[in-house]
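Just so it is clear, none of the values below were taken in a lab; they were calculated from the coordinates. These numbers come from a predicted model, not from an experiment. Reconstructed Cβ throughout: ideal geometry from the backbone, glycine too, with neighbour counts over all protein chains shown.
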Amino acid sequence: MSRIGELGLITAGRLVGMPPVPEIPVGRVVDLAGRGSTYVVDTGPVSSARGGAAPVVFLLHALACTGLLTWYPCLDALRRRYRLVIFDQRGHGQGIRSARFDLDDCADDVAAVADSLDVATFVAAGYSMGSLVAQNVWLRHRDRVDGLVLGASTTHFATTPRRQRTVTTVGARLAAVATRQRRIAVEALDQSVDDRWAWRQFRATTTAEVAAAGSVIARFDSRGWIDDVDVPTAVVVTARDRLIPPARQRELARRIPGATAYEVDAGHAACVLNAQRFRPAMLAATASVTNRIRSTETSPEPL
């Protein structure tokens, strides 16, 4: 990166701070039989306002992040309403290490984590890369998925070889920026403890691992089956997104029968860097899905 680029990062760091870090729930390393181990946070059962246990929501994280880094700005609000399960996906943070990155494997990992926690069914909520995993979880484990919440999502990335090459390099560039930011932050930024925690989370995934995941994500395509999604779904659209065009996010919402859409006036990193705008949309989207699940569960059987 050029010196001008580094100065840009310094300026951005001064203008856009990470949101305050709340008390982070403590997780543990869980061994998934035959698959490997990953770091899992389970906030535990929550009583529903209507009685009984509140829904279980799996929060699936973005590329180059960890589960906690993607979702920490929403944790306090969501954990009051739902039992949350957050874990590091393979090739990220403390997630499973394997010779290859594959979105089908990621979807199967979600089911394996659910098995390890004795969770029968759940809402799969994903952001960016996590939203692709969530779609795949529905495709591969339909009997486990009660609903979907898809943030900064799409049915596909690349329509041309040139576009595919561009998307593939995004992850590697993000990881390279994070590595340089470590040095720049020490020298030029007046960082808080919160910022240091967040950057440590971001640096927990290597450049090579992010690049490998990025090359797979570039080839993702659910257009052949996304119209068949038959569970309550909500889509959170990042309306200023330069990585995933907002028009494509809205198209995803239109193609899923009955899906609701919630717009956030922010870019692709909204889940963290524009959390004040993202959090209300995420809460509304999740409530939309879980309310429809409850409505279906309490409806009388058709005659």
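Restricting things to Cα coordinates, could you compute the convex hull volume per residue of region 238-286 in Å³?
Values: hull volume 3.0 nm³, N = 49.
That works out to 62 Å³ per residue.
Rounded to the nearest 5, what % of the DSSP beta bridges within region 40-160 are antiparallel ones?
20
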Quick one: P(r) of region 88-154 from all Cα-Cα pairs, 5 Å bins, percents rounded to integers, in order of increasing distance. 4, 18, 29, 27, 16, 5, 0
In the calculated pair distance distribution of region 40-104, what percentage of Cα-Cα distances lie above 15 Å? 54
Region 201-303: C-alpha pair distances exceeding 23 Å, %: 43
Per-residue counts of other Cβ atoms within 10 Å, averaged by peptide: what ranking do you get for 101-109, 34-42, highest first? 101-109, 34-42
Long-range amide H contacts for residue 261: which residues qualify at under 5 Å (H placed 1.01 Å from N, peptide plane, sequence gap of 5 or more or a different chain)? 235
What ³J(HN,Hα) values, in whole Hz, does the Karplus curve 6.51 cos²θ - 1.76 cosθ + 1.60 give for region 81-93 when θ = phi - 60°, with x put for Gly and Pro? 10, 9, 7, 9, 10, 10, 9, 7, 6, 4, x, 10, x
Between region 86-104 and region 215-247, what is the C-alpha centre distance in whole Å? 21
